[in-house]
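This report concerns only the one structure given below.
The values are calculated or read from the model by the stated rules, or taken from the named source; none is laboratory data. Quick caveat: nothing in here was measured; it's all calculated off a predicted structure. Here the Cβ positions follow ideal geometry from the backbone for every residue, glycine too, while neighbour counts run over all protein chains shown. For the accessible areas, the whole protein counts, side chains as well, though only heavy atoms, and no ligand, DNA or RNA atoms are used. Shrake-Rupley method; radii C 1.70, N 1.55, O 1.52, S 1.80 Å.
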Amino acid sequence: KDDTKTQDAAKNSVDPEWAIYRVVSGEGRERAMPGGGMQRTAKWALNLMMTGEEAVYGSGQAGGARSRLLSVQDPPFGLTTKDEVSRVVAPFADGTKANHGHAGPALAAFVAGIPPAKLREAWARRREYYLQFLSGKHSAADRMSSHLALVELAGVLFEKMLEKHGVPLGADPR
């Protein structure tokens, strides 16, 4: 949802910091039933991607939100101008719209063929790398290192799956 700049806050936007806390908690609000007792609480496991012109978290009031985010604020691929970024990103966006729904199932099938212990070990190695890298640089290095390790491992697995099918991107997930 990209409504961080919406004027009609009551109708069209969501407080990004609130959304972060709701998503990472993994469950909805507890609600009472009219006759007594509690309703079943919704539960989920997912990731949330938010885009916008400004950082998701405000200045100081959401320290916890910062430790739950992987914030990317620089242009991708070392590009510096909006036109450069558009030339690179537009084909990805067009391709995604035209071909959505194929890579996810293929990646899931590829990952299902890897022993879970091997995946855990690969994640743990990456987590240790990021833990050392962030130590003393970030107040939530333990949590952030877990997230970064997962994102990097997903990228490595995606690249390996594409290689298997003869269409590697040649990207470095780190």
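Residues in region 55-103 that are in a loop (DSSP other than H, G, I, E, B), surrounded by 14 or more Cβ atoms within 10 Å (Cβ to Cβ) and modelled with pLDDT of 70 or more: Leu69, Leu79.
Taken residue by residue, region 35-49 has at least one member that is closer than 28 Å to Asp172 by Cα, open to solvent by 90 Å² or more (accessible area, probe 1.4 Å) and modelled with pLDDT under 70.
On the stretch given as region 1-34, residues that are over 18 Å from Leu69 (Cα atoms) and modelled with pLDDT under 75 total 9. Here the condition is being open to solvent by less than 50 Å² (accessible area, probe 1.4 Å), in a helix (DSSP H, G or I) and farther than 24 Å from Leu69 by Cβ; of Ala149, Ala122, Ala106, it holds for Ala106 alone. Residues in region 126-140 that are assigned to a helix (DSSP H, G or I) and loosely packed, with under 12 Cβ neighbours inside 10 Å: Gln132 alone.
Each row is one residue, and each column tells you yes or no for (1) basic (Lys, Arg); (2) at negative phi.
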site	(1), (2)
Ala149	no, yes
Lys160	yes, yes
Glu163	no, yes
Gly166	no, no
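Of all the numbered requirements in (1) at pLDDT 80 or above; (2) hydrophobic (A, V, I, L, M, F, W, C); (3) over 23 Å from Met161 (Cα atoms), Ala108 misses one, and that requirement is (3).
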